[in-house]
Amino acid sequence: MWTSLLKLQLLWVAQNLGDPTTCPVGPVGRALALGILEDTTDTSDATCQLQMAAGVVNSGQSSEWHLLQNVGELFNHFRVDDGKPTTLVGSFEFSMGVIGHVLTMLVYSGVIVALIYLIIIGLPARAPRDPAVDDGPTTNLLIFMCLVYALVHVTSDQYIPNLPKMGRVLHGSQFVMSGSLQYTILLKGLVGLMAAWCSDRVGRRPMLLAATLLMMVTCIMCGCATRVEWFLASRLLQGVAESVEPVIVAMARDYASEAKQRLKLIGILECMDFVGCSISPVFGAWIASRYNWRMPFFILSVAWAFLSFYGFTQLRESAPEANHKTAPNLSRILGNPSLRWLLLTESCILGAYFVMDTNNSYLLENTFGCSPLATALVILGYGLLAAFGAVMSPHFFTGTIMACAKTTCQFFTLMGLISFMLGVFAPGLPGYVGGVYLQAISMMMAYTSVNVLYFETLEDCAGLAAACEILIQMVFSGTIFVISTYVLVDEGVQTFILFQAAICVIAGVMFWLGRPFPHIIDREKSPETSPVTRENSPVSHSLHSSSCSTPPP
């Protein structure tokens, strides 16, 4: 609350400093006034800095000294006493705080009551699978799935550029504000294990409805937060809601039983995901520059409200008759060597992405001397190339999903080898950017095909399979990008570039170790397990138009 009051003072200072005819002062006063706004962390520190600044400039520039005295008087006039604001700005933030506090307590109370009810009564029965699901996803449903899948990441990534400003307003340190992203990612992975498993038992529709409604409410809570503690409490629930991501992946398995169709559907989802991740920081920074950092949260709340409304009115249950034997299914998934190697392959592919994503800004700005704008453009280019690769992945389908996965993983490994050679002979900025761009083009081709191959025989426990996928990725991908940071700091740029390229090559080795995937070969050779072609849906027809899969019996 005090930061907005201090901003009001600085606005008055800037207006006077900006007009030399009305208040001719030198650069010292301008620098000190700006420094007070940027560096102050509490009200007593602000008063102390104002007094020190007035003492410094009193030595030779009386006009600046009088100006800073006026700033001090203004500060005392607009101060908040005993939590009761005395200004219009303070009243606005006080009202926002009250709304946020009440809403947060109500939502937490509702969540706790719902959990107690489910523990006592048990999980509700799953609705039967809607026959219309066999026709494939409609265009509106496909848009809904893409928006939910993308906005999960946009909601978190959009406030990354605003973290310093938010830290000053919410009284949060850089460590705490950055941690609001990191612990949410961890929480999303842990809760996602339960959410994906529950979607097999209670259905996809209830999980999606609860997640979209909770995302809508938590966006409002984040936008109304006035202290970092309340913001973290809101982000905690938001991390729970973001765990809906594996449920969308399981839905893709429900609606597209043919491998070629599923490859295109997963490719579209991943394309939207990378486009959303690429533009979300720009969206958050631009809206915050025109209004404030709270506005993107309110805009996203409206978007989630529309998605929630569509889900309540149009979404149908798509989960098939699931096999509820958890222990045998876990043994079936994690006990199969081929599936384990596929999960490790996925983890290495995502690990290469996380290595770039978590270290890219530090490397480009601090090591190569790039500007923040140039760094943002590099990240944008990476995301667009990855999205292009996801869209192009179905073109590698040559009759079976196993052959497609083999081709794309070989391509990804080849790009990793080229990146490694660039790191050896050209470890500078052009070599690094060229290498990661080569990885970006091939990364999502390999990931989507391996993902489809993994789910090929797990349609009756797709939710549990998605939970296992998240667990393995969270452990191994997280380990990879943590190691990469130490490599960059301790071993230098060239070793880091070689490490990142080596991860791509290791992904190809992991896939090769899992061959020949006998469970997939048996399924593709068995006519009675071949999926039935879906012709009725316009989206399904477009996905199936160039399919090479086995015709229906």
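The values are calculated or read from the model by the stated rules, or taken from the named source; none is laboratory data. All values derive from a computational prediction rather than experimental measurement. FYI the Cβ positions are ideal-geometry reconstructions off the backbone, even for glycines, and counts take in every protein chain you see. Side chains included, ligands, DNA and RNA excluded: accessible areas come from the protein's heavy atoms. Shrake-Rupley method; radii C 1.70, N 1.55, O 1.52, S 1.80 Å.
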**Request:** Check off (1) of a type in the set (D, E, K, R); (2) over 25 Å from MET194 (Cβ atoms); (3) touching a residue at least 60 places away in the same chain (Cβ under 8 Å) for GLU229 and give me the number that stays unchecked.
**Result:** (3)
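Results for (1) modelled with pLDDT of 85 or more; (2) open to solvent by 30 Å² or more (accessible area, probe 1.4 Å), shown as yes or no for each residue.
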position: THR367; (1), (2): no, yes
position: GLY381; (1), (2): yes, no
position: VAL436; (1), (2): yes, no
position: VAL452; (1), (2): yes, no
position: ALA462; (1), (2): no, no
**Request:** Might you check whether a residue that is of a type outside the set (A, V, I, L, M), closer than 28 Å to LYS406 by Cβ and open to solvent by less than 30 Å² (accessible area, probe 1.4 Å) occurs anywhere in the stretch 331-344?
**Result:** yes
**Message:** Scan the stretch 414-423 and tell me whether some residue there is modelled with pLDDT of 90 or more, over 16 Å from ILE506 (Cα atoms) and touching a helix residue (DSSP H, G or I) at 6+ places or on another chain (Cβ under 9 Å).
**Reply:** yes
**Message:** I'm checking my understanding of the structure. Among residues of the stretch 121-168 that are open to solvent by less than 30 Å² (accessible area, probe 1.4 Å) and assigned to a loop (DSSP other than H, G, I, E, B), which one is nearest to ARG201 (Cα to Cα)?
**Reply:** GLY122
**Message:** So GLU317 ticks every box in (1) part of a helix (DSSP H, G or I); (2) open to solvent by 10 Å² or more (accessible area, probe 1.4 Å) but one. Which box is left unticked?
**Reply:** (1)
**For CYS224: the one exception among (1) open to solvent by 10 Å² or more (accessible area, probe 1.4 Å); (2) touching a residue at least 12 places away in the same chain (Cβ under 8 Å); (3) farther than 22 Å from ALA150 by Cα** = (1)
**Request:** Taking GLU229 as meeting all but one of (1) closer than 20 Å to VAL148 by Cα; (2) open to solvent by 40 Å² or more (accessible area, probe 1.4 Å), write down the number of the exception.
**Result:** (1)
**Request:** Output the residues belonging to the stretch 169-178 that are in contact (Cβ under 8 Å) with a residue 12 or more places away in the chain and surrounded by fewer than 20 Cβ atoms within 10 Å (Cβ to Cβ).
**Result:** HIS171, VAL176, SER178
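Table: residues versus (1) more than 22 Å from GLY508 (Cβ to Cβ); (2) touching an Asp or Glu at 6+ places or on another chain (Cβ under 8 Å).
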position: SER371; (1), (2): yes, yes
position: LEU377; (1), (2): yes, no
position: GLY389; (1), (2): no, no
position: CYS404; (1), (2): no, no
position: TYR432; (1), (2): no, no
**Message:** Given the criteria surrounded by fewer than 17 Cβ atoms within 10 Å (Cβ to Cβ) and either free of Cβ contacts under 8 Å to residues at least 40 places away in the same chain or among the hydrophobic types (A, V, I, L, M, F, W, C) (or both), does ALA440 qualify?
**Reply:** no
**Item:** Subset tally (residues that are modelled with pLDDT under 90, open to solvent by 10 Å² or more (accessible area, probe 1.4 Å) and either more than 21 Å from PRO337 (Cβ to Cβ) or not in a helix (DSSP H, G or I) (or both)) for the stretch 498-524
**Value:** 2
**Fill in**
Across (1) within 20 Å of VAL505 (Cα to Cα); (2) at pLDDT 85 or above; (3) among the hydrophobic types (A, V, I, L, M, F, W, C), PHE481 clears everything bar (2)
**Asked** Which is under 21 Å from ILE472 (Cα atoms), in contact (Cβ under 8 Å) with a residue 24 or more places away in the chain and under 19 Å from the mean Cα position of the chain (by Cα), of ALA386, ALA352?
**Response** ALA352
**Item:** Filtered residue count, the stretch 453-495, keeping only those that are in a helix (DSSP H, G or I) and either in contact with a strand residue (DSSP E or B) (Cβ under 8 Å, 6 or more places away or on another chain) or of a type in the set (A, V, I, L, M, F, W, C) (or both)
**Value:** 23
**Prompt:** Being part of a helix (DSSP H, G or I) and touching an Asp or Glu at 6+ places or on another chain (Cβ under 7 Å), is that true of even one residue in the stretch 408-428?
**Reply:** no
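If only one of THR448, THR533 is at pLDDT 80 or above, of a type in the set (Ser, Thr, Tyr) and either closer than 20 Å to GLY189 by Cα or surrounded by fewer than 21 Cβ atoms within 10 Å (Cβ to Cβ) (or both), which one is it?
When all the criteria are applied, what remains is THR448.
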**Message:** Can you report the number of residues in the stretch 288-314 which are in contact (Cβ under 8 Å) with a residue 60 or more places away in the chain, surrounded by 15 or more Cβ atoms within 10 Å (Cβ to Cβ) and hydrophobic (A, V, I, L, M, F, W, C)?
**Reply:** 9
**Request:** Give the residues of the stretch 351-362 that are under 15 Å from VAL509 (Cα atoms) and either of a type in the set (A, V, I, L, M) or open to solvent by 10 Å² or more (accessible area, probe 1.4 Å) (or both), sorted by residue number.
**Result:** ALA352
